[in-house]
Structure formats: C-alpha cells, structure tokens
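The values are calculated or read from the model by the stated rules, or taken from the named source; none is laboratory data. In this text the structure is predicted, and so the values were computed from the model without any measurement. So basically every Cβ, Gly included, is an ideal-geometry build from the backbone, and we count neighbours across all protein chains shown. The accessibility values were calculated without ligands, DNA or RNA, using every heavy atom of the protein model including side chains. Shrake-Rupley method; radii C 1.70, N 1.55, O 1.52, S 1.80 Å.
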Amino acid sequence: MYDMNEVIGSHDVLLVTLDTLRYDVAAELASVGETPTLASVLPGGAWERRHTPGSFTYAAHTAMLAGFLPTPAAPGLHPRLFAGAFPGSETTGTGTWTFDAADLPTGLASAGYHTVCVGGVGFFNKLTPLGSALPSLFAESHWEPGFGVADPASLPNQIDRIADVMARLPADRRLFLLLNVASLHQPNWFYLDGGTRAHGDTRASHAAALRHVDAHIGRLFDLMRRPCFVIVCSDHGTAYGEDGHTGHRIGHEVVWTVPYGEFVLS
C-alpha cells in the first residue's frame, strides 16, 4: 500500500471509473494481451479482484467519493487509501490520508487541489437534481451528450475536454480528476464488429467496448502531469443472462466483483 500522506500534496490524483466493467471480462482480456495499454500500467499487468461498495453507479460513486474504494476480495481488514475522519474506523491505517470533510473532493480541495469531474453516465449529466449531485462535489464539472452512453466516441470526446482542462491548469496547483467512462455501460453493441441494435448488448460487445477503451486511454495518461497517482477501477459489473439476470443493481457475483488497479505515472 502506498503511504498516501506522502502522495497527497506531492502528486496529482486521477480516478478513472470504467463504469459497469465486469472483472471476469477485464481479467480475460488482460490475460490474452487484448488490452495492452492498461496491462502496461497495471501492477504485474493484471487487474486486482475487488468487491464494489455499491451495485449501481450512484451508490458506488457516493461511497468511493467518501473514501470507500472497492475492497480487496481476500478476507481481512484492508486499510484504505483515503478516509474521512471517523472515530473507531478499523480501515484507517498509518498510510491512510484522512480528511475532515464528508467527501474526498472537498477534503482534497482543502489540501489545495483543484477538483474536476468529467462525467459519462446519466448520474453525471447535470440535467436533473439527481444528475447534479455527484458533479456538485467538484469545483469544476463537465458533461455533454457526446460524453454519454449513446455516443460511441464518448471516451475520445471526454479526453478532448480533459486536454482543455490540463492546458489551463496552473502549474503550481495540484489536480484531482475524476473521469467516469461510459463506454462499457449499455448500449455497447456498436463496439462489436457487425453489431446492430437488433443484436443488442452481450458479453462479447462488453469486451469489445473494453478494447475500444484500451485503444484510447493511453492518450489520457499522456495528458497527465507527473507525478500522478492513478486509480483505475470499475464501479460495478453487470449481468448478461447469468442465472436469468440482466443488468445491475442486483446482488449477483458478476455485479459485485470488479477490477481494480492503482499505480503512479512518473
């Protein structure tokens, strides 16, 4: 585990949530070399198996933005990277960076960070009070239809916006950036060669969406200033017919088990 008391203040922080990405699909593609960009930065070239704090986007992100990142799947207490000041917390260790606020963006802002959210799925669209709740935690937030689930180019469009953010970021101001990637979320049939709306979304189109993400995410990493502490993870998985289930917000293994990686760009 990194000592986050040394990281915070000396590194930018990037949190990339690959919305709806299943652990099994991510692990399979990494093992056969189909996501080379992600494999090049993940420790050991592989995803860590973790359990999400929530079975759908709003619940999972609310927890993660309070310091409750996906938990290692192995039994035992697992010290957290970030934690709000909370008497009696059993997962606040010596390497945990603690903040006296209800959420991580506010805590990091108090430590001098500029906080930015570039949203993807509907819980970040700022079109309704609910769609504004998560973005409102940040000093600066961005969403437009081209970042959303219906646009096959959503990730390149989001990275274009991040390039604008980085170009005007003061050199002496640390950054906390959340990028919520919508590509894995349904609909994703358009990432599969020959896929049509009539075919619908499948585990195969989900995998094709991840290959698409891998083809573009290197540009995001190139835009980040060094050093940058990076967390890339899923917020939850989704079902494609397992045990009769489709979608998420359910207590199924494919929903609760997510891929996770943390590393430093230096």
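Scanning region 213-266 for residues that are at pLDDT below 95 and of a type in the set (A, V, I, L, M) gives a single hit, Ile250. For region 210-225, the count of residues that are outside any helix (DSSP H, G or I) and not acidic (Asp, Glu) is nonzero. Residues that are surrounded by fewer than 22 Cβ atoms within 10 Å (Cβ to Cβ) and under 17 Å from the mean Cα position of the chain (by Cα) are absent from region 235-253. Can you find even one residue in region 222-235 that is in contact with a helix residue (DSSP H, G or I) (Cβ under 6 Å, 6 or more places away or on another chain) and either over 22 Å from Ala26 (Cβ atoms) or β-branched (Val, Ile, Thr) (or both)? The answer is yes, given that some residue of region 222-235 is in contact with a helix residue (DSSP H, G or I) (Cβ under 6 Å, 6 or more places away or on another chain) and either over 22 Å from Ala26 (Cβ atoms) or β-branched (Val, Ile, Thr) (or both).
Consider Leu184 carefully, then state whether it is assigned to a loop (DSSP other than H, G, I, E, B), open to solvent by less than 20 Å² (accessible area, probe 1.4 Å) and modelled with pLDDT of 95 or more. Here the answer is yes, as Leu184 does meet what is asked. Scanning region 52-62 for residues being assigned to a helix (DSSP H, G or I), open to solvent by 20 Å² or more (accessible area, probe 1.4 Å) and either under 21 Å from Trp97 (Cβ atoms) or of a type in the set (Asp, Glu) (or both) gives a total of 1. Test Phe86 against the stated conditions and say whether it is open to solvent by 30 Å² or more (accessible area, probe 1.4 Å), free of Cβ contacts under 8 Å to residues at least 24 places away in the same chain and not charged (D, E, K, R). In short, yes. I'd like to know if region 194-201 contains one or more residues that are touching a strand residue (DSSP E or B) at 6+ places or on another chain (Cβ under 9 Å) and basic (Lys, Arg). The answer is no, given that none of the residues of region 194-201 is touching a strand residue (DSSP E or B) at 6+ places or on another chain (Cβ under 9 Å) and basic (Lys, Arg). Considering the conditions (1) under 24 Å from Ser31 (Cβ atoms); (2) of a type in the set (S, T, N, Q); (3) open to solvent by less than 20 Å² (accessible area, probe 1.4 Å), Ser154 is excluded by exactly one of them, (1).
Looking at the structure I just gave you, is Thr91 assigned to a strand (DSSP E or B) and either among the polar types (S, T, N, Q) or surrounded by fewer than 17 Cβ atoms within 10 Å (Cβ to Cβ) (or both)? Considered against the rule, which asks whether it is assigned to a strand (DSSP E or B) and either among the polar types (S, T, N, Q) or surrounded by fewer than 17 Cβ atoms within 10 Å (Cβ to Cβ) (or both), Thr91 comes out as no.
For region 254-265, check the following and say yes or no: at least one residue is closer than 30 Å to Asp172 by Cα, open to solvent by 50 Å² or more (accessible area, probe 1.4 Å) and either hydrophobic (A, V, I, L, M, F, W, C) or part of a helix (DSSP H, G or I) (or both). Looking for residues that are closer than 30 Å to Asp172 by Cα, open to solvent by 50 Å² or more (accessible area, probe 1.4 Å) and either hydrophobic (A, V, I, L, M, F, W, C) or part of a helix (DSSP H, G or I) (or both), one finds none in region 254-265, hence no. Note on region 228-246: residues that are in a strand (DSSP E or B) and touching a residue at least 60 places away in the same chain (Cβ under 8 Å) total 6.
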